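A short worksheet on the structure shown next.
The values are calculated or read from the model by the stated rules, or taken from the named source; none is laboratory data. Bear in mind that the values here come from a model prediction, so they are computed numbers and not experimental data. Cβ: placed from backbone, ideal geometry, glycine included. Neighbour counts: every protein chain shown.
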Ligand code: TXA
Ligand code: MG
């Protein structure tokens, strides 16, 4: 059973030691909670896959304290530098060519010649990186394919029973509540590999050009996927979902959006997409726990700003289960 402790200075110092010993520590970031391990230690990284029950082909995001630390592991293009300057620390992950001399486990790249890297903004994540003095590989701290955790209690529900997880640092609710946006540069073209906490429009405004879409690759099957983590059914609650629902049927509970939704829960009564993103995973969990065999119907969410990432997660949560 993992120990869940408030993220005090002493707890973070101990968590840093655990990471250096090759143990797993779950910690808060501004997006979702991460299941962290020393990214330079093969065995520690392997434990992440084991604890999550994650398919091996799925590579992990490496977290570092700043862009300078990232430079040691990956090669930045001019556009990648621009994005790092604007969005780090924060909810943006860059997939960049791995340096030959990078001291990172090959397992974090899962056979690819690139590394996904991110500088988190959350003060506990930053303090942990400093305490550990290691790059930290961290997927979302949930069992593979399940809803991502935005509170320490979610991590405990999903992975708390695992002997592999040494500690959960409790830093409260995640501010953004959606995983980071993942951007890669296949053939040098900035490409949206996973919509997330930073909206496409913001990134396009900084780059001064449109982002290419990875969806075409994703449709061509697992091997050709630009972002291999984008499995069809993912982020799935136990209860089935019906999307774009105007109202709930007799066998359904409604997860609403906007002022008109007469629902058990509302992602944002004022129609604010940032608020909806922050509430999404916690409300899916709460409805799932109380649905009692009913289906979850979800109000339509506009496809702008963070709506793209919210719709992406909902579509996956509703996809046929494998
Ligand atoms: O907000 C987040 O990104 C959270 C927090 C903990 O930082 N982490 C997270 O990690 O969501 P994870 O492992 O659940 O998702 C990582 C995503 C997957 O879609 C994966 O396929 C993609 O990043 N990814 C990782 N390495 C990649 C690579 N080398 N090339 C392409 N995609 C990669
Ligand atoms: Mg995940």
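Across region 263-282, which residue is modelled with the highest pLDDT among those that are touching a strand residue (DSSP E or B) at 6+ places or on another chain (Cβ under 7 Å) and part of a loop (DSSP other than H, G, I, E, B)? Of everything passing the filter in region 263-282, 267 is modelled with the highest pLDDT.
Count of region 187-207 residues, restricted to those that are assigned to a loop (DSSP other than H, G, I, E, B), in contact with a helix residue (DSSP H, G or I) (Cβ under 9 Å, 6 or more places away or on another chain) and over 12 Å from residue 309 (Cβ atoms), is 1. Candidates are the residues of region 112-126 that are over 13 Å from residue 36 (Cα atoms) and surrounded by fewer than 21 Cβ atoms within 10 Å (Cβ to Cβ); the one that is modelled with the lowest pLDDT is 112. Could you list, in sequence order, all residues of region 142-163 that are in a loop (DSSP other than H, G, I, E, B), buried (at least 16 other Cβ atoms within 10 Å of the Cβ) and more than 13 Å from ligand 1 (Cβ to nearest atom)? Matches in region 142-163: 151, 160, 162. Hey, does region 231-239 have a residue that's within 16 Å of ligand 2 (Cβ to nearest atom) and at pLDDT below 60? Among the residues of region 231-239, at least one is within 16 Å of ligand 2 (Cβ to nearest atom) and at pLDDT below 60, which makes the answer yes.
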